[in-house]
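The values are calculated or read from the model by the stated rules, or taken from the named source; none is laboratory data. These numbers come from a predicted model, not from an experiment. Virtual Cβ from ideal backbone geometry, glycine too; neighbours counted across all protein chains shown. Keep in mind that these areas ignore ligands, DNA and RNA; they rest on the heavy atoms of the full protein, side chains included. Shrake-Rupley method; radii C 1.70, N 1.55, O 1.52, S 1.80 Å.
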Amino acid sequence: MGGLRDVVRQELVARQLDEQIAGRFPVGRRLRVLDVGIGQGTQALRLARLGHQVTGVEQDPVMVAAAREALAREPEGIRERVRLVQGDGRDTGVHFLPGSFDLVLCHGVLMYVTEPDPLVAGLARMLAPGGLLSLLVRNGDALAMRPGLAGDPAGALAAFDTTAYTNRLGLNVRADRLTALTATLAGIAAPLHAWYGVRVFTDLAADDAPLPDDLPTLLAAEERAGRTDPYRGVAALLHLCGVRG
């Protein structure tokens, strides 16, 4: 289990995904899942444990090694449900046929892509009709929140008029605005079906912040805020779910 910020992110996204899956697919259906930017495999392995067939794509060899290590600790039945592919998420058309998946995940990837629209369009093409596209992005409408709450008013002022920011790794990356992504999803025949905020209250926590004794209460508060206006609109991350027409 990771630090507080990661635990909140992974747990909320898991709950939100489960809600969308339950509302879209018959109970007990084994889904074909594509996870682009699989990272250490947290969501991919969780879905494989639920019985789904998961293909993970990851460009970073360090992350591929971490995912393989995590997968190796799983029972054989789980390992058989997961396939790992080292490659660029923008090249899904090279590896897979259109319509090959029921669920496509792309979490924490778009902030590293200068032009995200072609990537998102390629992911949508991987979906079968009625399939679900799950995007987790940095919220471009709330970039002023972190510096503002951290006591940096100059940084907050500068953040209002940009979608560029420097992340905790010191990398210059980008955020996405809800309106822009909504338009993108509509234009690629995977219109927005639902959206949530993630990390409304815990984004300023240190990466290694310990888990509080009342973690269930904190998660309940984060979950409620992530689906309630106006709180979800100022979350650090946005979780958008589009459905392939």
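The accessible surface of the chain, taken with every protein chain in place and a 1.4 Å probe, is 55 percent carbon and sulfur. Helix content alone sets the calculated 222 nm mean residue ellipticity of the chain: runs of n ≥ 4 DSSP H residues at -39500 (n - 2.57) each, divided across all residues, give -11000 deg cm²/dmol. If you take the square roots of the eigenvalues of the alpha-carbon gyration tensor of the range 103-148 and sort them as a ≥ b ≥ c, do you get rounded (a/c under 1.5), prolate (a/b over b/c) or oblate? Note, shape of the range 103-148 comes out prolate. Of the trypsin sites (Lys or Arg not before Pro) found in the range 1-73, those that fall in a DSSP loop while having at most 16 other beta-carbon atoms within 10 Å are R29, R30, R73.
Between rounded, prolate and oblate, where does the range 13-146 land on the alpha carbon gyration tensor, with a ≥ b ≥ c its root eigenvalues, rounded for a/c under 1.5, else prolate if a/b exceeds b/c? Note, shape of the range 13-146 comes out rounded. Each residue was assigned an accessible area with a 1.4 Å probe, and for M145 the value is about 80 Å².
With contacts taken as Cα pairs under 8 Å and at least 6 residues apart, the chain reaches a relative contact order of 22 percent.
Remark: accessible surface ordering of T166, T184 (largest first) is T166, T184, probe radius 1.4 Å. The Cα center of the range 1-72 and the Cα center of the range 138-182 differ in position by 26 Å. Across all directions, the average projected area of the convex hull around the alpha carbons of the range 94-242 is 10.2 nm². Once Rh for the range 70-182 is found with the Kirkwood sum over Cα pairs, what is the Stokes-Einstein diffusion coefficient at 4 °C and 1.567 mPa s, in µm²/s? Reported coefficient: 79 µm²/s.
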